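Okay, so here's the structure we're looking at.
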C-alpha cells in the first residue's frame, strides 16, 4: 500500500514539474515576442520619421533647383543713341539695354546685378549706382533723356523703370519682377573713352546675383541714318 502511494506521489510530482517547465517556456517565448514587437514598432517609427524628413528635403531641394533654373534675366532689346549733329559721321554714345525676368523667375534685384561689356578690345564691368534711378511707368517720349543718364559713368549704370506691376522697384532696391521691365542705361563714351562706331562688334552679359544671365551680342549698323536705332 505504502509503495503504491509513493509511486503515485512521484507521478504527480513529475506531472506538475513538466507543466511548470512548459509554463516557464511559454512565458519566456511571450516575453521575447513582445520585445520583438516593441523593437519592430520603434524601428518602424524611426523609418517613417526618416522617410518624412527625406521627402521634405527632396521636395525643398527640387523647388530650389527649379527656381534656380528658371530665375534669370532676358535682354529683350538694345537701343543706341547717336547724338552727333551729322549722324552719318557720329558714333553711339549711349545705350539702353531692356531687361525683364525669365518666365517663372523670382524677382531680380538690379542692385546686385553686374553688367559686362566688351568693345574695342576692352572689357568693362559695371554695377548699379545706388540712387541712379528713374521711373517712367506711365510712359516717356524719350528714353535717352539726359536726366535719366545723370548717374551713368565709367563704373556704374543707371536704371529706368519702365513696367512695374508689383511696385517692387525703388531707388535703393530696384527689383524687377514678373511682368516688369527695366532699361539699364550705359554711357558708352564714359566707359570706353569712345562711342560705338559703324559695323563695330559689342558683346556682354547682364548677370544677376542668382540665375541665368541675359546675353548682349550685336554688330552696329554699317551706316547710321537716324539718332536712335535698335541694335539688338
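The values are calculated or read from the model by the stated rules, or taken from the named source; none is laboratory data. Computed from a predicted structure; not experimentally measured. Glycine also receives a Cβ, built like all others from the backbone with ideal geometry; neighbour counts cover every protein chain displayed.
Points to keep in mind about this one:
- Residue count, segment 70-94 (criterion: within 27 Å of the chain's Cα centre (by Cα) and either in a helix (DSSP H, G or I) or crowded, with 24+ Cβ neighbours inside 10 Å (or both)): 2
- Exclusive hit being buried (at least 18 other Cβ atoms within 10 Å of the Cβ), modelled with pLDDT under 95 and in contact with a strand residue (DSSP E or B) (Cβ under 9 Å, 6 or more places away or on another chain), set 105, 100: 105
- Only one of 113, 177, 147 that is at negative phi and surrounded by fewer than 17 Cβ atoms within 10 Å (Cβ to Cβ): 147
- For segment 104-124, a residue qualifies if it is more than 22 Å from residue 219 (Cβ to Cβ) and not in a loop (DSSP other than H, G, I, E, B), and the qualifying residues are 108, 109, 110, 111, 112, 114.
- Matching residues in segment 154-170 - criterion: being surrounded by 15 or more Cβ atoms within 10 Å (Cβ to Cβ) and in a loop (DSSP other than H, G, I, E, B): 164, 168
- Lone unmet requirement of (1) within 23 Å of residue 227 (Cβ to Cβ); (2) assigned to a loop (DSSP other than H, G, I, E, B) for residue 182: (2)
- Residues of segment 148-173 satisfying the condition of being modelled with pLDDT of 95 or more and either over 21 Å from residue 101 (Cβ atoms) or not assigned by TED's automatic domain parsing to the domain that holds residue 78 (or both): 148, 149, 152, 153, 154, 155, 156
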